[in-house]
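The values are calculated or read from the model by the stated rules, or taken from the named source; none is laboratory data. As the structure is a computational prediction, the values presented were derived from the model and not from experiment. Every residue, glycine among them, receives a Cβ derived from its backbone with ideal geometry; neighbour counts consider all protein chains shown.
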Amino acid sequence: MSRPFVTDVDAFRAEVMGRSALRDLPWRRTRDPWAVLVAEAMLQQTQVARVVPRWLAFLRRFPDVRTCAAARVGDVVDEWAGLGYNRRAVQLHSCAVAVCEDHGGEIPADLDALRSLPGVGAYTARAVLAFAFERDVAVVDTNVARVVARVGGRTLRSREVQEHADTLVPDGRGWEWNQAMLDFGALSCTKRAPRCGSCGARAICAWKGEGPDPAVGSAGVGRGQSRFEGSDRQGRGRLVDALRAGPVAVGELAAVMGWHADGERATRVAETLVRDGLAVVVGGRYELP
């Protein structure tokens, strides 16, 4: 690394971990790897307030990895209602199956093994290690990536973000540190209105809220989503919601998806659900798998 990342690591750690109490989120009260994995799958691009009730309901229905693996994919998709990005439900089911087939029903505590599971990327793998197994690895979501770039004062490449974040984790306190960093990025060092004036880390921060924001364009920092209204994603979501209630005939696709005058588009988009494992066609009707 070309220069020290944080001028006073100990002071920065003290500021992040010494702030107000962590948010009281239900998945922070468990170290069950399955429960943690489910939470992390749900939290991807979905607001915390929406996830809380769905996480609790999901675990009532699928309390462990074996129960999920033994269920129909459609049952998992059905329980995913209200979370969006329904393909994650299919991936979570595939992940549960792989854990049962390849790891004896036990979620592995190894980064490479976790990364090999369907739908488990770098963030989710490290989140499971930190929050279920209390390993000293940095969990880098868009909020943490933003903090790292700002404190360091420069736009970073993907490898740099993870490397710098890893250097900040205090020995033996990976769980606490990562939860505190997630809250710091989500509540204080926010995207649009960072609380720089009242931030105790201001003296350490290379940016200080002055000049161009180094987080803009930095790796791992979200760049926003494409327009949802009128998009193919909206039509997909409408169809999956309808399938949760029952089969949909091919001739009903356009109406169900909100494109009454565009049956060709409806059919094309519906076929993407089949390819993604979210639907099957049986006797001229679309159904959950």
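Within the stretch 12-47, how many residues are surrounded by 14 or more Cβ atoms within 10 Å (Cβ to Cβ) and part of a helix (DSSP H, G or I)? Steps first, please.
Of the stretch 12-47, the ones surrounded by 14 or more Cβ atoms within 10 Å (Cβ to Cβ) are 12-17, 19, 25-28, 30, 32-44, 46.
Subset that is part of a helix (DSSP H, G or I): 12-17, 26-28, 33-43.
The number of residues fulfilling the criteria is 20.
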For the stretch 140-156, check the following and say yes or no: at least one residue is modelled with pLDDT of 95 or more, assigned by TED's automatic domain parsing to the domain that holds ARG195 and on the phi > 0 side of the Ramachandran plot. no
Filtering the stretch 263-273 down to residues that are free of Cβ contacts under 8 Å to residues at least 12 places away in the same chain and within 16 Å of GLY237 (Cβ to Cβ) yields ARG268, GLU271
- Message: Going residue by residue through the stretch 101-114, is there one that turns out to be modelled with pLDDT under 95, surrounded by 18 or more Cβ atoms within 10 Å (Cβ to Cβ) and in a helix (DSSP H, G or I)?
- Response: no
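Out of the stretch 225-237, which residues are closer than 18 Å to GLN45 by Cα and either in a helix (DSSP H, G or I) or among the hydrophobic types (A, V, I, L, M, F, W, C) (or both)?
So the first thing to find is which residues in the stretch 225-237 are closer than 18 Å to GLN45 by Cα, and the list is 225-229, 231-234, 236-237.
Within the stretch 225-237, PHE228, ASP232, ARG233, GLN234, ARG236, GLY237 qualify.
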Pairs returned, first residue in the stretch 277-289 that is under 16 Å from GLU252 (Cα atoms), second residue that is aliphatic (A, V, I, L, M) and assigned to a strand (DSSP E or B), beta-carbon separation under 6 angstrom, 6 or more apart or interchain, are ARG285/ALA249; TYR286/VAL248; GLU287/VAL280
The one condition HIS260 fails out of (1) free of Cβ contacts under 8 Å to residues at least 12 places away in the same chain; (2) in contact with a strand residue (DSSP E or B) (Cβ under 8 Å, 6 or more places away or on another chain) is (2)
